[in-house]
Amino acid sequence: MKDLPAREKLDLAEKVAQYLVLASSLDKASPLEDYDAANELSLELAMLLPSSIYRAMTDAVSHPDGKVNPASVAILMRRELLAPLEGDLQSTQIAFHAPGGAAVEKPKGKTH
């Protein structure tokens, strides 16, 4: 993926972020359209991402923990899309926002 043009890298990163946010927010009350959108993104990303990143992405949604969560997937994508030595950003340094709470939280299982 490092050889992709910059626009394609950005599009791919955007799709991963959209999937993580959408799939993490799904519940029984979610509209069917949200499930369809999550499934479409999942299928598209299954065809494009390296297996290890795709598995981490789905695990971050279905079984998030301190090791695999949306922030850790962001770091995996960053390493894959950029040179491995491109900074030292850690998953604990990625900001998540919640209504009525702190503006920035540490990564949890849900991204909302």
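Just one of the listed residues (L43, L12, L49, L20) is open to solvent by 30 Å² or more (accessible area, probe 1.4 Å) and either under 26 Å from K67 (Cβ atoms) or within 16 Å of the chain's Cα centre (by Cα) (or both), namely L43. Taken over region 54-77, the criterion of being open to solvent by 10 Å² or more (accessible area, probe 1.4 Å) and part of a loop (DSSP other than H, G, I, E, B) is satisfied by H63, P64, D65, G66, K67, V68. In region 28-40, which residues are open to solvent by 50 Å² or more (accessible area, probe 1.4 Å) and not aliphatic (A, V, I, L, M)? K28, P31, E33, D34, Y35, D36, N39, E40 - these are the residues of region 28-40 that are open to solvent by 50 Å² or more (accessible area, probe 1.4 Å) and not aliphatic (A, V, I, L, M).
Selection over region 78-91 of residues that are open to solvent by 60 Å² or more (accessible area, probe 1.4 Å) and under 16 Å from D11 (Cβ atoms) gives a count of 2. When the residues of region 28-53 are filtered to those that are among the polar types (S, T, N, Q) and assigned to a helix (DSSP H, G or I), the one that is farthest from I75 (Cα to Cα) is N39.
In the set (1) under 14 Å from the mean Cα position of the chain (by Cα); (2) over 18 Å from A71 (Cα atoms); (3) in contact (Cβ under 8 Å) with a residue 40 or more places away in the chain, M1 fails one condition alone, (1). Considered as a group, the residues in region 96-112 that are within 18 Å of E14 (Cα to Cα) and open to solvent by 50 Å² or more (accessible area, probe 1.4 Å) include one that is modelled with the highest pLDDT, and that residue is H97.
The values are calculated or read from the model by the stated rules, or taken from the named source; none is laboratory data. Computed from a predicted structure; not experimentally measured. So basically every Cβ, Gly included, is an ideal-geometry build from the backbone, and we count neighbours across all protein chains shown. Calculation scope for accessible area: heavy atoms of the full protein, side chains included, ligands and nucleic acids excluded. Shrake-Rupley method; radii C 1.70, N 1.55, O 1.52, S 1.80 Å.
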